[in-house]
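**Student:** Quick one: this structure, given as structure tokens, is what I'll be asking you about.
No lab work stands behind these numbers, since they all come straight from the coordinates. Because the structure is a prediction, the values reported are computed rather than measured. Methodologically, a virtual Cβ is constructed for each residue, glycine included, from the backbone with ideal geometry; neighbour enumeration extends over all protein chains shown.
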Amino acid sequence: MARLLDQRIFVAGHRGMVGSAIVRRLKTLGYRDIVVASREHLDLLDQQAVREFFAENQIDQVYLAAAKVGGIHANNSQPAEFIFENLMIETNIVDAAHRAGVQRLLFLGSSCIYPKLAEQPMKEDALLTGLLEPTNEPYAIAKIAGIKLCESYNRQYGRDYRSVMPTNLYGPGDNYHPENSHVIPALLRRFHEAVEQGLEEVVIWGSGKPMREFLHVDDMAAASIHVMELADEIYRANTQAMLSHINVGTGVDCTIRELAETVAKVTGFQGRLGFDSSKPDGAPRKLMDVSRLKTLGWEASIGLEDGLADAYRWFVEHRLEARS
């Protein structure tokens, strides 16, 4: 697909970590007409408001990066909000886009769509082959529904609505809340505070043995735009009508211990690392199979240490707002 820089592009969720990265990337590539709407001006849970927004703005493409997100604690304590709000957001946007004649849309999901005991690395065809991780099942169900929503509009109406499933993301704009953050922002904050307080040890939950994969959000933005810009015939040749989503990751993982050691290096912490094995480890491994995306011509380019250094710079510059 030729890059049409005058396309009117709506990025839903532009204030979030992923949405803001997509906006940055689009501007870098020269796109001139990027539409955003803050929550104060457009409530994505309001179906009529979303329909009116699309009717009035003549959108050509949509990046659906808006979502209610959070860590294990948030998912466990607010399961109803996580399934309801995510279902409403994606349903309202996809249907309104279709009604307004938008032909191309990209839905951003999550690696949690795969079964808890999926074979590693996780391939796209592992979807719906087993039970989900209970702690974030409501969120995962909503993301699976988003994939099927896109596929259903494609089948019935001939739309070109695509889906990408990222691995664990981190980078500028991440959430550093002490209770609701994911592992990388949580570790960056704790190690930073340990340096500030002159602590001699930082204790990490679990044994440090589980393996996880991490992708810098700028790589995620680049991959998203790459998939969106693929020619229709190339995209269709490498996907299936009812198995159309594409994994996005690095294809490389590390242990939590290795991650903590790298965070310590990046933040300048020189004390001891402790591991509290009485705390749960979670799944032993979660790695994405990214061979489909490689076949389509894209690979991650930001290494973990460089990416963590970038994320840490952002945290230090925005630490007052990031700590709230």
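**Student:** With a cap of 10 neighbouring Cβ atoms within 10 Å, and only residues DSSP puts in a loop, list the chymotrypsin sites (Phe, Trp or Tyr not before Pro) found in segment 148-237.
**Tutor:** Hits after loop and neighbour filter: nothing returned.
**Student:** Whole number please: convex hull volume per residue of the Cα set in segment 130-286, in Å³?
**Tutor:** Expressed per residue, the convex hull around the Cα atoms of segment 130-286 is 137 Å³.
**Student:** For the chain, what is the calculated [θ] at 222 nm in deg cm²/dmol (nearest 500), taking -39500 (n - 2.57) for each run of four or more DSSP H residues and dividing by its residue count?
**Tutor:** -13500 deg cm²/dmol
**Student:** Between Arg8 and residues 5 or more places away or on another chain, which pairs have amide H atoms under 5 Å apart, with H built 1.01 Å from N, and which residues are they?
**Tutor:** Here the answer is Asp60, Gln61, since their amide H atoms fall under 5 Å of that of Arg8.
**Student:** Right, another one. What translational diffusion coefficient, to the nearest whole µm²/s, does the chain have by Stokes-Einstein, given a Kirkwood radius computed over alpha-carbon pairs, a temperature of 37 °C and 0.692 mPa s viscosity?
**Tutor:** Answer from the Stokes-Einstein relation: 162 µm²/s.
**Student:** Suppose we keep just the DSSP beta bridges with both residues in the chain; what percent of those would be antiparallel, to 5?
**Tutor:** 10 percent
**Student:** Using just the alpha carbons, could you tell me how many Å³ per residue the convex hull of segment 93-148 encloses?
**Tutor:** 85 Å³
**Student:** Among the aspartates and glutamates, which have Cα under 15 Å from the Cα of Lys143 when same-chain residues fewer than 8 positions away are ignored?
**Tutor:** Within reach: Glu81, Glu85, Glu90, Glu124, Glu133, Glu151.
**Student:** What residues qualify as long-range amide H neighbours of Met211, i.e. H under 5 Å apart, gap of 5 or more or another chain, H built at 1.01 Å from N?
**Tutor:** Counting only residues 5 or more places away or on other chains, the set is Arg285, Lys286.
**Student:** Can you list the HN-Hα couplings for segment 4-9, worked out from phi with the Karplus curve (6.51, -1.76, 1.60; θ = phi - 60°), rounded to whole Hz and with x for Gly and Pro?
**Tutor:** These are the phi-based 3J(HN,Hα) values: 9, 6, 9, 4, 8, 10 Hz.
**Student:** What does the charge count around Ala145 come to, taking other residues whose C-beta lies under 13 Å from its C-beta (Lys +1, Arg +1, Asp -1, Glu -1)?
**Tutor:** Around Ala145, the charge tally is -3.
**Student:** At a Förster distance of 41 Å, what's the computed FRET efficiency of Glu233 paired with Asn57, Cβ-Cβ distance as r, to 0.05?
**Tutor:** 0.90
**Student:** Something else about it: Would you list, by chain and number, the lysines whose Cα falls below 30 Å from the Cα of Lys265, excluding same-chain residues fewer than 8 positions away?
**Tutor:** Reachable lysines: Lys209, Lys279, Lys286.
**Student:** Per 5 Å bin from zero, what fraction in whole % of the C-alpha pairs of segment 204-254 is there, up to the bin with the longest pair?
**Tutor:** Per 5 Å bin, starting at zero, the Cα-Cα P(r) for segment 204-254 comes out as 4, 15, 20, 18, 16, 12, 6, 5, 4, 1 percent.
**Student:** Among residues other than Arg51 whose Cβ falls under 14 Å from its Cβ, what is the net charge (Lys/Arg +1, Asp/Glu -1)?
**Tutor:** For residues surrounding Arg51, the net value is -4.
**Student:** Provide the gained length on full extension for the span Lys279 to Ala49, in nm with one decimal, where the gain is 0.36 nm per separating residue minus the Cα-Cα distance.
**Tutor:** Residue separation times 0.36 nm, minus the Cα-Cα distance, leaves 78.3 nm.
**Student:** Pull up all non-local amide H partners of Ser163: gap of 5 or more, or a different chain, and H-to-H distance under 5 Å with H placed in the peptide plane.
**Tutor:** Phe107, Ile246
**Student:** What are the lysines whose alpha-carbon lies under 18 Å from the alpha-carbon of Lys148, with same-chain residues fewer than 8 places away excluded?
**Tutor:** Lys123
**Student:** If I take the Cα coordinates of segment 209-324 and project them onto the principal axes, what are the three extents in Å, biggest first?
**Tutor:** Principal axes ranked by extent give 54, 34, 25 Å for the Cα atoms.
**Student:** Return the whole-Å distance between the Cα centroid of segment 11-62 and the Cα centroid of segment 222-257.
**Tutor:** Here the answer is 22 Å between Cα centres.
**Student:** Karplus couplings for segment 289-303 from phi (6.51 cos²θ - 1.76 cosθ + 1.60, θ = phi - 60°), rounded to Hz, Gly and Pro as x?
**Tutor:** So the J values, rounded to whole Hz, are 7, 10, 5, 4, 5, 5, 4, 7, x, 9, 9, 5, 10, 9, x.
**Student:** Quote to one decimal, in nm, the extra length available between His41 and Arg155 on full extension: 0.36 nm per residue of separation minus the C-alpha distance between them.
**Tutor:** Additional length available on full extension: 37.8 nm.
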